1. So, in the chain, how many Lys pairs have Cα atoms under 15 Å apart, if the pair is 8 or more places apart or on different chains?
2. Using the count of nearby Cβ atoms within 10 Å as a rough guide to exposure, how do V217, V159, V310 rank from fewest to most?
3. Roughly what % of DSSP beta bridges within the chain run antiparallel, to the nearest 5?
4. Name the shape class, rounded, prolate or oblate, that the alpha-carbon gyration tensor gives for the range 149-277, where a ≥ b ≥ c are the square roots of its eigenvalues, rounded holds for a/c under 1.5, and otherwise prolate holds if a/b is larger than b/c and oblate otherwise.
5. May I ask you to sort Y91, Y229 by Cβ crowding, counting other Cβ atoms within 10 Å and putting the fewest first?
6. Put a dot 7 Å past each Cα toward the Cβ at Y229 and A23; how far apart are the dots in nm?
7. Averaged over every viewing direction, what's the projected area of the C-alpha convex hull for the range 253-382? Give it in nm², one decimal, please.
8. Going 7 Å from the Cα of D373 in the Cα-to-Cβ direction, what parts of the range 334-361 have a backbone nitrogen less than 13 Å from that spot?
Amino acid sequence: MSEDRFETLAIHAGQDPDPTTGAAVVPIYATSTYVQQAPGVHKGYEYSRTDNPTRTALQTQIAALEGVDLGADGGCIATASGLAATALIGYLLEPGDRIVLPDDAYGGTFRLIAQVLSRHGIKWTAADLTTAEGIAKALTPDTKLVWVETPTNPLLRVVDIAMIAEAAKSVGAMTVVDNTFATPYLQQPLSLGADMVVHSATKYLGGHSDTVGGAIVTNDAGLLEQLRYLQNATGPIPGPFDSYLVLRGIKTLGVRMDRHCTNAAAITDFLVNDPRVEHVWYPGLATDPGHATASLQMSGYGGMVSFTPVGGLAAANALVTRTRLFFLAESLGGVESLIEVPASMTHLSVEGTDLEVPESLVRLSVGIEHVDDLISDLDRALG
């Protein structure tokens, strides 16, 4: 691997000047097929479902940021969305295999596992992965995959990645870490023992709410080969323009994450000290149950904050419709600040299950606007 630091890799990994024109920015290769010199003799590309030069550059870039270099495009598979990446990993499993997932997993992940993969014989268990007792109780001989979110969505619980990876290996299971909230700038799960890292590139990697994408990263060459085969066979690929937008977004990931983190910390301080707020979830709080673990495995605490206002669901619903700078919208990780009520929006699919989230929980994706303006916006909206 290169000895270059994160911010340098974000701008240069996989992004050499175009050899034909000298263009400093990776071109958008809007082509479906490639001319061959003879049957099976080509310049590395045959058909854009299999690979595309813009996608190759993105894969190299993301792999480098996660600390992996396995060949021409690192150890990364770029996909059409974060859920496409999740589904691709699901194709690694056989009927009868079991997935252990967090008991407050993202609603889309839960829906795919519990309502789609389960129809094909995949079993699942939801567990508290924040404790050794929780993972030990959940692991069974048929467990093949442990799915980790850290921080979790939307309760921002912190999971000890090294502890989970060691426990999973004891029963022959793989560990996957959804690193969307932390990004590779704040957290490096593969270095802590994870087998795969997943991203919704729609979020912080893209960073501008203008594209949808996903990624899987691994430092296991055999696993990478399996995933490449499955992607080519099933087709969940990002287009070249989406790949270009994520490439562009990642160039500023480091500086954006610094601002996301400082803004979120200041907003957390405001909310914690406001009598109109009942409870705040943020791993940067010294009182947060996951603070010590987050401090060890993360270099910052992220840009996501969750809280419940005094007054319950009515207060939460009123609050999210009164903000001016915080847009009421699903998704997260863009330069603009977003606000939502997960129970009725992103996590509606877990209603009535063990993964159900508090109905009055409000989730903030803190953007990079001036923090004083954001605090003023929340102050007005709280009423």
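1. On the way: K123/K144; K137/K169; K144/K169; K203/K251.
Within the chain, the lysine pair count is 4.
2. Details: V217 30, V159 25, V310 13.
Ranking V217, V159, V310 by Cβ neighbours within 10 Å, fewest first, gives V310, V159, V217.
3. Working: 21 of 39 bridges.
Beta bridges within the chain, antiparallel portion: roughly 55 percent.
4. Here the range 149-277 falls in the oblate category.
5. Values: Y91 16, Y229 11.
Listing Y91, Y229 from fewest to most nearby Cβ atoms yields Y229, Y91.
6. 3.5
7. Working: hull surface 31.6 nm².
The number I arrive at for the range 253-382 is 7.9 nm².
8. 335-337
Every number in this text was worked out from the coordinates using simple rules, so none of it is lab data. Nothing here was measured: the structure is a model prediction, and the numbers come from that model. Counting neighbours? That spans all protein chains shown, and the Cβs are built from the backbone with ideal geometry, glycine included.
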